[in-house]
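Peer 1: Before anything else, here's the structure in question.
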Amino acid sequence: MSNDAVLVPLKRFDVAKDRLRQSGVSDATLVAKQLAIGVLDACRPRDVIVIGESSEIADFARERGLESFESTATSLNEAVTLAYRSTADRYDRVFIVHGDLRYPAGLGTFIPGLGITIVTDHHGTGTNVLILPTRLDFHFSYGPDSAHRHLDEALRLGQQSTFLRDSPWRFDVDESDDLN
């Protein structure tokens, strides 16, 4: 296994999963925390760095024996960019994994191809897992249709890319129907 790290951005559990809360799931805080624990555990044995904007998330990471990257960024893209840049001197490759995957098993042992790997959500439009070498001037673009924007970014950088639509990691949890 190469010198890899996994970056997992997490919101405070009491405010995470807004769409899940709006769809009537009363225990959304617990669901968010359980999903995050599953993802963090599945990413081992790789080094895992939790990106968070609060001391609560930093404490959560440390309690699990993980490194924490506290960010004052105002957006997911900015937070991921800052954390990604901070890894350049220590790691050759970074996995950016969302903390709400239903079936995260295998993340810690997955061997991607060369260049950039984009794992889409089950709609084929969002980016649930993004794997890329460090030291690139990569412009992260999470949000609607991020998978295609990340593919365009890989092409802009002249990086070989793999676009995975059929993966167990394509299932994330945003709304109550995603729990079924």
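Peer 1: In the range 168-177, how many residues are surrounded by 17 or more Cβ atoms within 10 Å (Cβ to Cβ) and either modelled with pLDDT of 95 or more or among the charged types (D, E, K, R) (or both)?
Peer 2: 3
One line per residue, one yes/no per condition, for (1) aliphatic (A, V, I, L, M); (2) at negative phi:
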site	(1), (2)
Leu76	yes, yes
His98	no, yes
Tyr103	no, yes
Gly126	no, yes
Asp137	no, yes
Gly158	no, no
Asn180	no, yes
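Peer 1: Collect the residues in the range 55-114 that are within 21 Å of Gly38 (Cβ to Cβ), among the basic types (Lys, Arg) and touching a Ser or Thr at 6+ places or on another chain (Cβ under 9 Å), keeping them in residue-number order.
Peer 2: Within the range 55-114, just Arg62 meets the criteria.
Peer 1: For the condition in contact with a strand residue (DSSP E or B) (Cβ under 8 Å, 6 or more places away or on another chain) and not basic (Lys, Arg), what is the one hit in Glu67, Glu63, Glu78?
Peer 2: Glu67
Peer 1: State which residue pairs qualify: first residue over 22 Å from Asp137 (Cα atoms) and among the aliphatic types (A, V, I, L, M) and inside the range 150-170, second residue surrounded by 13 or more Cβ atoms within 10 Å (Cβ to Cβ) and modelled with pLDDT under 95 in any location, beta carbons under 8 Å apart, and separation of 6 or more residues or different chains.
Peer 2: Once the first residue is over 22 Å from Asp137 (Cα atoms) and among the aliphatic types (A, V, I, L, M) and sits in the range 150-170, no partner that is surrounded by 13 or more Cβ atoms within 10 Å (Cβ to Cβ) and modelled with pLDDT under 95 comes close enough.
Peer 1: Got a number for residues in the range 139-172 being under 18 Å from Leu76 (Cα atoms) and touching a helix residue (DSSP H, G or I) at 6+ places or on another chain (Cβ under 6 Å)?
Peer 2: Qualifying residue count, the range 139-172: 4.
Rundown of residues vs (1) of a type in the set (Val, Ile, Thr); (2) exposed (fewer than 14 other Cβ atoms within 10 Å of the Cβ); (3) closer than 26 Å to Pro168 by Cα; (4) out of contact with any Cys (no Cβ under 6 Å at 6 or more places or on another chain), yes/no style:
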| residue | (1), (2), (3), (4) |
| --- | --- |
| Val8 | yes, no, yes, yes |
| Ala32 | no, no, yes, yes |
| Ala83 | no, no, yes, yes |
| Thr87 | yes, no, no, yes |
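Peer 1: Checking Val119 against (1) assigned to a helix (DSSP H, G or I); (2) under 17 Å from the mean Cα position of the chain (by Cα); (3) not aromatic (Phe, Trp, Tyr), only one condition comes out false. Which one?
Peer 2: For Val119, the exception is condition (1).
Peer 1: Among strands (runs of 3 or more DSSP E) lying entirely in the range 1-108, which contain 2 or more residues that are over 13 Å from the mean Cα position of the chain (by Cα)?
Peer 2: In the range 1-108, 67-70 are the strands (runs of 3 or more DSSP E) which contain 2 or more residues that are over 13 Å from the mean Cα position of the chain (by Cα).
Peer 1: Quick one: is Leu179 free of Cβ contacts under 8 Å to residues at least 24 places away in the same chain and over 16 Å from Val119 (Cβ atoms)? Can you show your working first?
Peer 2: Details: free of Cβ contacts under 8 Å to residues at least 24 places away in the same chain: no; over 16 Å from Val119 (Cβ atoms): yes.
It is false that Leu179 is free of Cβ contacts under 8 Å to residues at least 24 places away in the same chain and over 16 Å from Val119 (Cβ atoms).
The values are calculated or read from the model by the stated rules, or taken from the named source; none is laboratory data. Bear in mind the structure is a predicted one, so any value in this text is a computation, not a measurement. Virtual Cβ from ideal backbone geometry, glycine too; neighbours counted across all protein chains shown.
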